[in-house]
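Asker: Got a structure for you, written out below as C-alpha cells; questions coming shortly.
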Amino acid sequence: MRVAFVIYDGFQVLDLAGPHEVFRITGRYECLVVGPAAGPVAASGGLPVHAGAGIGDLDPGGVDTLLVAGGTGVDRALKDAALVGWVADAAAGARRVASVCSGVLLLADAGLLDGRRVTTHWEREEQLRREYPRLDVDCDPIFVRDGRFWTSAGVTAGMDLALAMVEDDHGRDLAHEVARELVMFLRRPGSQSQFSVPLWSAQPASDPIRAAVSSVQADPGARHSIADLAGRSGLSARHLQRRFTAELGVPPAAYVERVRVEAARRALAEGDEPVEALARRLGFGTGETLRRAFHRHVGVAPSDYRERFRGTGLLKERV
C-alpha cells in the first residue's frame, strides 16, 4: 500500500514525521514524500526535508492513501494551482484521503470535502468555516472520518489518525503494538476532545484558587467537595464557587471530575487495577459512576480504553 505524504514550503514537520513513522514501523506500507518538486523542502521551522518525488514527475494514480500535512505555509500552498490540482487528481483514485491540521484547507480547496464533516486544529476553525462554508466543521474531535476522507487536529492528532488507519487496515493488535513501540500515551479514539487537562481550563490567577487546584491535582481521589475546597482556599463556599468558575472557566465539581478522569486514564493504561477498585480509589465511588464520567469525557468505556494497550508482540519481527 502506497502512502503519499504531501508537503510544501512551510509545512509542519511533525505533521509529516508522526504519521510517517506510524505507517513505516509496521513494515506494511510504502511511504513516499511528495513535494512541489523533488528535493529539499523547508518546514515551518526551517528544517529541510527531502521530498522523494515532485508532483511534476509523479503519476497521481497508484496512491492508496493520500495524506496532506498542515503548517503555516498552507496559505501560500493554496495559491499553487499545480499542487492543488495534483492533490485533486491523486485523491480521485485514492482509496483513502487524509489531512493533518491545516492540511484540510488543501483538500477543501481541491473541492474534495463539500458536504462532509471535517476537523482541524482549533486555531484554524474560523478560517475553515469562513472560506469553505459548504463543509460541516467540528473542531472538538481529534480526528473525524467521513467515508474515505479522514481529517485531524494538529500534530500528535495526526499520529492518532494514522494509528486508526493501521487498525482499519490490519486490525487492533497491530495498531496497538505500534502505539506501544512508539511509547505513545494512548491510541486515542477520534471522538476524544482536542482539549485535554492542560487545555480545557485556564490557569488559576489567584493564590486561593491556585491552592484549591493544586490540592485536586495532588490527590484526585481525596474529598473535594465545595466545603473542602473552600477550607483549603480560605474562602467561603459561595465565594470559592464564583472565583473558581471565573478564573478556570469551569465550576469546581466539573474540574474535579475532569482531573479524576485523567487520573483514571493513566491508571487504565499503566496497570490492571479493577475498574471498581479504581473508581473507589479515585473518588468516583462506584464503577458505574466512573464509566459514565469516562464515556462522557473520553468517548469510550474504561474497558475498551484499557484493551487498546494489551500487547501481542506483532511488531517484533519488523522493528
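Computed from the coordinates by the stated procedures, all read-outs in this text should not be read as laboratory data. Note that the structure is a prediction, hence the values are computed from the model and not measured. All Cβ positions, even for glycine, are placed from backbone atoms using ideal geometry, and neighbour counts span all protein chains on display.
Asker: Which FRET efficiency, nearest 0.05, do Asp89 and Ala42 yield, Cβ-Cβ r, R0 22 Å?
Answerer: Values: r = 25 Å, r/R0 = 1.13.
My answer for the efficiency is 0.30.
Asker: Rounded, prolate or oblate: which fits the stretch 209-259 when a ≥ b ≥ c are the square roots of the eigenvalues of the alpha-carbon gyration tensor, with rounded for a/c under 1.5 and prolate only if a/b beats b/c?
Answerer: oblate
Asker: Separate question: Of Trp150, Ala211, Val100, which is farthest along the charge dipole of the chain in the positive direction, counting Lys and Arg as +1 and Asp and Glu as -1 at C-beta?
Answerer: Ala211
Asker: So if I average 1/r over every pair of distinct C-alpha atoms in the chain and take the inverse, what Kirkwood radius in Å does that give?
Answerer: 21.2
Asker: Which value, in Å to one decimal place, does the Kirkwood hydrodynamic radius take for the stretch 1-154 when every pair of different Cα atoms is included?
Answerer: Numbers: mean 1/r = 0.0666 Å⁻¹.
Result for the stretch 1-154 stands at 15.0 Å.
Asker: List the trypsin sites (Lys or Arg not before Pro) within the stretch 18-103 that DSSP assigns to loop and that have no more than 10 neighbouring Cβ atoms inside 10 Å.
Answerer: Sites meeting the loop and neighbour criteria: Lys79.
Asker: With the Cα gyration tensor of the stretch 58-141 giving a ≥ b ≥ c as the square roots of its eigenvalues, does the rule (a/c under 1.5 for rounded; else a/b larger than b/c for prolate; else oblate) give rounded, prolate or oblate?
Answerer: Cα axes put the stretch 58-141 in the prolate bin.
Asker: Please express the Cα-Cα pair-distance distribution P(r) of the stretch 32-79 as a list of whole percents, one per 10 Å bin, running from 0 to the bin with the greatest distance.
Answerer: 23, 57, 20, 0
Asker: Of all trypsin sites (Lys or Arg not before Pro) in the stretch 204-312, which ones are in loop regions per DSSP and have a Cβ with at most 14 other Cβ atoms within 10 Å?
Answerer: Arg223, Arg310
Asker: Starting from the Kirkwood radius over alpha-carbon pairs of the stretch 108-178, derive D by Stokes-Einstein at 25 °C in a medium of 0.890 mPa s and give it in µm² s⁻¹.
Answerer: For these conditions, the coefficient is 192 µm²/s.
Asker: Rounded, prolate or oblate for the stretch 1-55? Axes are the square roots of the Cα gyration tensor eigenvalues, ordered a ≥ b ≥ c, and the cut-off for rounded is a/c under 1.5.
Answerer: Taking the square roots of the gyration eigenvalues as a ≥ b ≥ c, the stretch 1-55 is oblate.
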